[in-house]
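Below you'll find the structure, written out as structure tokens, and then a few comments.
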Amino acid sequence: MPELPEVELARAELARWLEGARIVGASSDDRIVLRCSPRTFASRLTGRRVRAVDRKGKWLRVMLDDGTRLFSHLGMTGDWIAQRDPVRFERATLEIARGRRRTNLRYADARRLGRLVVSSEDIAAWSALGPDPLAEGIDVDRLSEKLARRKKRSIKEALMDQSVLAGVGNIQATEALWHARIDPRSRACALSRADLRAVARGIRWTIARTLADLRKGSERWQDSDVNPFVVYGRKGEPCPRCKTPLSRVMLGGRTTTFCAGCQRRAGA
Ligand SMILES: [Zn+2]
């Protein structure tokens with residue numbers, strides 16, 4: 001599944017193609033377009049100029065000049081591709097004009113778990129998200145307030161709650177807590193400000209690392225045999241910091257790798 005860094009890369013590419021350009025045609029008759037007929041999809045987008053392409057968590061938002069928004073979630077296999085000819089698993093197409101240059105932006109999605117929504121206002125799925133750690137940064141005071149209300153949950157589960165921070169998934173939470181030297185089973189409300197600052201640094205570190213890998217043109221890790229992560233998916237291997245073999249626990253139904261040697265239980 002594309003996680004925050006992959007979606008950020010998709011946003012940057014979409015912004016490069018779309019910002020300032022005009023949509024001169026739009027089509028889709030696929031079920032990934034929610035609450036909207038093919039005719040409405042075409043008529044609401046065609047003729048509009050694109051003001052901005054934003055991202056919050058794993059949602060993308062294309063802002064048009066009349067206030068209309070096109071929301072895109074990539075699901076498991078979604079991808080926007082700029083190409084003149086049709087692509088495999090194409091589910092929607094935007095024809096783009098920038099001056100005299102024409103491009104076709106094609107949305108491909110093999111498993112069709114992605115979503116496109118045309119709306120005149122922000123949709124609930126977008127508004128309900130907490131701040132995006134990359135686009136908006138992490139405010140430790142706000143984070144602390146939110147975690148105080150999640151007394152019984154582990155810090156790992158709380159970080160993955162999309163209303164706390166948008167777009168932090170299993171991988172980022174696992175890697176960030178290792179970086180912060182915090183045991184993922186610690187109660188969310190037991191972390192001190194210093195702990196939370198360390199977690200915030202850990203989240204920035206793991207996102208920046210993955211983005212740098214992706215920008216180097218590495219294969220998406222899902223498509224490759226190489227695990228690019230420091231502890232995620234490495235149970236039993238020595239901790240890169242203290243050499244203790246990494247452990248694995250289940251938290252909120254997700255496997256979590258951590259080091260019992262150097263990640264301490266906060267508040268204990
Ligand atoms: Zn360790």
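What is the residue count in segment 231-266 for residues that are surrounded by 19 or more Cβ atoms within 10 Å (Cβ to Cβ) and in contact with a helix residue (DSSP H, G or I) (Cβ under 7 Å, 6 or more places away or on another chain)?
9
So residue 226 passes all but one of these: (1) of a type in the set (A, V, I, L, M, F, W, C); (2) touching a residue at least 40 places away in the same chain (Cβ under 8 Å); (3) outside any helix (DSSP H, G or I); (4) within 19 Å of residue 1 (Cα to Cα). Which condition number does it fail?
The failed condition is (2).
Just checking, how many residues over segment 75-90 are closer than 15 Å to residue 28 by Cβ and touching a Leu at 6+ places or on another chain (Cβ under 8 Å)?
So the count comes out to 4.
Which one is farthest from the chain's Cα centre (by Cα) among residues in segment 144-159 that are buried (at least 20 other Cβ atoms within 10 Å of the Cβ) and either charged (D, E, K, R) or at pLDDT 95 or above (or both)?
So the residue we want is 154.
Checking residue 176 against (1) part of a helix (DSSP H, G or I); (2) within 16 Å of the ligand (Cβ to nearest atom); (3) farther than 17 Å from residue 8 by Cβ, only one condition comes out false. Which one?
Among (1) part of a helix (DSSP H, G or I); (2) within 16 Å of the ligand (Cβ to nearest atom); (3) farther than 17 Å from residue 8 by Cβ, residue 176 violates only (3).
Name the pairs whose Cβ atoms lie under 9 Å apart, with the first residue in segment 57-69 and over 19 Å from residue 35 (Cβ atoms), the second of a type in the set (Val, Ile, Thr) and open to solvent by 10 Å² or more (accessible area, probe 1.4 Å), and 6 or more positions between them or separate chains?
As it stands, the answer is none, since no pair meets every condition given.
Can you tell which of 248, 254 is within 14 Å of residue 156 (Cβ to Cβ), within 16 Å of the ligand (Cβ to nearest atom), among the charged types (D, E, K, R) and within 26 Å of the chain's Cα centre (by Cα)?
One residue alone meets the criteria, 248.
Go through (1) among the basic types (Lys, Arg); (2) part of a helix (DSSP H, G or I); (3) at pLDDT 95 or above and name the single condition residue 106 misses.
If we test residue 106 against (1) among the basic types (Lys, Arg); (2) part of a helix (DSSP H, G or I); (3) at pLDDT 95 or above, just (2) comes out false.
The values are calculated or read from the model by the stated rules, or taken from the named source; none is laboratory data. In this text, all values refer to a predicted model and were calculated from it rather than measured experimentally. Using ideal geometry, Cβ is built from the backbone for each residue, glycine included, and neighbour counts are taken over all protein chains shown. Please note that ligands, DNA and RNA were not included when accessible areas were found on the heavy atoms of the full protein model with its side chains. Shrake-Rupley method; radii C 1.70, N 1.55, O 1.52, S 1.80 Å.
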